[in-house]
Amino acid sequence: MNPLLSKLHPYPFERLRALNKDIVPNPALKPISLSIGEPKHATPAFIKQALSDNLQGLASYPATAGEPALRAAFAAWLGRRYGVRVDPATQVLPVAGSREALFAIAQTVVDPTRPGATVLCPNPFYQIYEGAALLAGAQVAYVNSDPARNFAADWASVPDEVWARTQLLYVCSPGNPTGAVMPLAEWKMLFELSDRHGFVIASDECYSEIYFRDEPPLGSLEAATALGRSDFRRLIAFTSLSKRSNVPGMRSGFVAGDAALIKPFLLYRTYHGSAMNPVVQQASIAAWNDEAHVVENRNLYRSKFAQVTPLLAEVLGVALPDAGFYLWADVSRVAGDQRTDDIAYAQGLLAQYNVAVLPGSLLARESDGKNPGAGRIRLALVASVDECLEAAHRILSYTRSL
Ligand SMILES: Cc1ncc(COP(=O)(O)O)c(C=O)c1O
């Protein structure tokens, strides 16, 4: 067996299941799950229609690079959304959801034969980054998020010798779980560091269309263009229809950026066999070409967050995020002077009120002597507004009882 497999950490939900195995949730209350970040709003009818209208596509093998019309749809959407120009022939590729592509990019970029091969991850983070790095034969360095600066990653804490051996840096903006959007000044700093040390930046932007401020979140390609880097050197952005268009089961997204990265990535993907299903390609063209359903979806989240956040803020340290569909709530001070452990808080909530939430410490690693997820819980507001409000009222009762 590949010995690197033994380096993988159990997934947060697996750890949560093991931690909760002896808990009996209050049977008098209907279960509500805020733990899994899976979109639950309805898939738009026109996307389902595009799938059923294009079933003839099943009769042929798709090209890994995707249909020209699909690539054109990616480039056109990037132009409308971010005002950036990308060449559909050389600077975009379809992917089967951003997850597989975030994994595959590490296999393409990392050279494990170079001493100290390192991949840098935000902390807390989406665990695929870490698994991708470990299976690529790299070591992982974690950059803690700083709650005092809107959860910005503390890039300044990374020693020079770590930057020097970094080959790949994952950025998640809007962030999961914090919802923070990275500002232009930080992109500038990361681009300068990438120029100095030669590492690739993989920018995970799958939550970019669910936002709560007037301004849509800044994208990495947009930041690069604003800073005069229209060749996107050493930068690759990952986006997805899963959250934007409520089609997590369709497995559809794309990457865009530096043509010098896209070319070897296409080679890797050809061998890996990750071409997009032709039926999904047609439905994806329809989805990327429509914004009305995205506005509607965003409005549903806005209304839900506007109702739930102030309620929870009565008892928890929580505020409206920049973007995404999570609340990253501080539970560390809810029990008078005593600090509260996020795992114990989540277990008590499940046992007494049948509400499942994800303890923040399971989404982060201990780094620089602390786990930056400790004392926090992640609440995915993906269910209906009524269910989210019911959960919020139960959280209020539970927290007040502590
Ligand atoms: C931060 C982040 N990136 C990527 C993904 C992958 O999404 P998909 O593969 O559906 O595009 C997720 C899914 O939950 C996520 O939270």
Kindly indicate which of 251, 244, 269 is modelled with pLDDT of 95 or more, closer than 30 Å to residue 61 by Cβ, open to solvent by 10 Å² or more (accessible area, probe 1.4 Å) and within 16 Å of the ligand (Cβ to nearest atom).
251
Residues that are within 21 Å of residue 378 (Cβ to Cβ) and open to solvent by less than 10 Å² (accessible area, probe 1.4 Å), drawn from segment 133-152:
143
When the residues of segment 16-42 are filtered to those that are in a helix (DSSP H, G or I) and surrounded by fewer than 17 Cβ atoms within 10 Å (Cβ to Cβ), which remaining residue is nearest to the ligand (Cβ to nearest atom)?
17
Mind checking which residues of segment 50-66 are over 16 Å from residue 255 (Cβ atoms) and touching a residue at least 24 places away in the same chain (Cβ under 8 Å)?
50, 51, 53, 54, 55, 57, 58, 60, 61, 62
May I ask you to list the residues in segment 372-393 that are under 17 Å from residue 347 (Cβ atoms) and open to solvent by 20 Å² or more (accessible area, probe 1.4 Å)?
374, 376
Please enumerate the residues belonging to segment 1-15 that are open to solvent by less than 70 Å² (accessible area, probe 1.4 Å), in a helix (DSSP H, G or I) and out of contact with any helix residue (DSSP H, G or I) (no Cβ under 6 Å at 6 or more places or on another chain).
13
Output the qualifying pairs, or none if there are none: Cβ atoms under 6 angstrom, residues six or more apart or on different chains, first residue in segment 196-216 and small (Gly, Ala, Ser), second residue within 15 Å of the ligand (Cβ to nearest atom).
202/105; 202/170; 202/236; 203/171; 203/220; 203/237; 208/217
Assuming residue 238 fulfils every condition listed in (1) within 16 Å of the ligand (Cβ to nearest atom); (2) open to solvent by 10 Å² or more (accessible area, probe 1.4 Å); (3) under 20 Å from residue 323 (Cα atoms) apart from one, which condition is it?
(2)
Tell me the residue from 45, 65, 59, 72 that is away from the ligand (no atom under 16 Å from the Cβ) and open to solvent by less than 30 Å² (accessible area, probe 1.4 Å), please.
65
Checking the conditions here, which among 120, 78 is within 16 Å of the ligand (Cβ to nearest atom), of a type in the set (A, V, I, L, M) and buried (at least 22 other Cβ atoms within 10 Å of the Cβ)?
120
All positions within segment 346-375 that are within 18 Å of the chain's Cα centre (by Cα) and not in a helix (DSSP H, G or I):
357, 358, 359, 364, 365, 372, 373
Yes/no for residue 76 being of a type outside the set (Lys, Arg) and touching a residue at least 60 places away in the same chain (Cβ under 8 Å)
yes
Can you tell me which residue is surrounded by the fewest Cβ atoms within 10 Å (Cβ to Cβ) among those in segment 204-221 that are more than 16 Å from the ligand (Cβ to nearest atom) and of a type in the set (A, V, I, L, M, F, W, C)?
212
Scope segment 87-131; condition hydroxyl-bearing (Ser, Thr, Tyr) and touching a helix residue (DSSP H, G or I) at 6+ places or on another chain (Cβ under 7 Å); matching residues
90, 108, 118, 129
Scanning segment 153-181 for residues that are among the small types (Gly, Ala, Ser) and surrounded by 22 or more Cβ atoms within 10 Å (Cβ to Cβ), the one farthest from the ligand (Cβ to nearest atom) turns out to be 153
Go through segment 146-180 and count every residue that is touching a residue at least 12 places away in the same chain (Cβ under 8 Å) and part of a loop (DSSP other than H, G, I, E, B).
11
Checklist (1) surrounded by fewer than 17 Cβ atoms within 10 Å (Cβ to Cβ); (2) touching a strand residue (DSSP E or B) at 6+ places or on another chain (Cβ under 7 Å) applied to residue 306, failing item:
(2)
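The values are calculated or read from the model by the stated rules, or taken from the named source; none is laboratory data. Quick caveat, the model's predicted, so the values are computed rather than measured. Glycine gets a Cβ as well: all are built from the backbone with ideal geometry, and neighbour counts include every protein chain shown. Please note that ligands, DNA and RNA were not included when accessible areas were found on the heavy atoms of the full protein model with its side chains. Shrake-Rupley method; radii C 1.70, N 1.55, O 1.52, S 1.80 Å.
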